[in-house]
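The values are calculated or read from the model by the stated rules, or taken from the named source; none is laboratory data. Note that this is a predicted model, so its numbers are computed, not measured. Heads up, the Cβs are rebuilt from the backbone with ideal geometry, glycines too, and the neighbour counts pull from every protein chain shown.
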Amino acid sequence: MLHCIYSFSARGAGRRMRQSRAMASLRKPVIVRKFSRDWVAGYAGTGFPQDAEVLEMLDLTGKLLTIEWNVVKWVCYVRDFPAGEQANPERLLHKRFAVRPRTAGLWLRMTLADCEELEGLAANDRSLIEGAGLLLIPPDTRSNTQRIYVPRQAIQKLEVVSLIGALGRRRSGTHGAPVGQPDLFPNDAENG
């Protein structure tokens, strides 16, 4: 979402100048769940550097917080912050897919350091082997959680369940050549 500020200058009174505020899109609303079961709500960036030792985020009052990655279970990018929900502020009710996902990507199943299982869809790109963690699409996209970022330190076991939506490339040659339609009714002129 792009926010605009309109300002008036003394020289061009009545003329509007449009300025964009890029800062608004750099931080997204998140809920950080720790292994100790407590959580923190605030705003964090969309990407985390691989060599970052701590998670930096702004809490709801605007104060900068630093959280060690080894205590972070996951970072949930959410639509809105919880109103009175203390037990499950992420509103992550489904942590496994009930049916095969329809969105393209890698269907991953992981066991976290506290032995909890989580499934999600990840992009089939270099982010699987590079970066400080994995960004997943959760099983229930209609919930409050839109994306889940799981730091690599939090993953105990990772399993690729399936590759969704990837069409194999056809090889050139006769193996993949289309076969013509057979004649079901031969011409009468040929028969007689």
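Laid out as a table, the results:
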read-out: Yes/no for M17 being under 23 Å from the mean Cα position of the chain (by Cα), at pLDDT below 85 and of a type outside the set (S, T, N, Q); value: no
read-out: Residues located in the range 81-100, provided they are surrounded by fewer than 19 Cβ atoms within 10 Å (Cβ to Cβ) and under 22 Å from I155 (Cβ atoms); value: N88, L93, H94, K95, R96, F97
read-out: Any hit, the range 43-61, residues being in contact with a helix residue (DSSP H, G or I) (Cβ under 6 Å, 6 or more places away or on another chain) and either at pLDDT below 85 or at positive phi (or both); value: no
read-out: Selection within the range 113-130 - surrounded by fewer than 17 Cβ atoms within 10 Å (Cβ to Cβ) and either of a type in the set (A, V, I, L, M) or touching a helix residue (DSSP H, G or I) at 6+ places or on another chain (Cβ under 8 Å) (or both); value: A113, A123, L128, I129
read-out: First in the range 38-65 and in a loop (DSSP other than H, G, I, E, B), second anywhere and surrounded by fewer than 10 Cβ atoms within 10 Å (Cβ to Cβ), Cβ under 7 Å, 6 or more apart; value: Q50/E130
read-out: Filter result (closer than 19 Å to Y77 by Cβ and touching a strand residue (DSSP E or B) at 6+ places or on another chain (Cβ under 8 Å)) within the range 35-56; value: W39, V40, A41, G42, Y43, A44, G45, T46, F48, V54, L55, E56
read-out: Meets criteria (touching a residue at least 40 places away in the same chain (Cβ under 8 Å), farther than 25 Å from S36 by Cβ and over 15 Å from the mean Cα position of the chain (by Cα)) for A98; value: yes
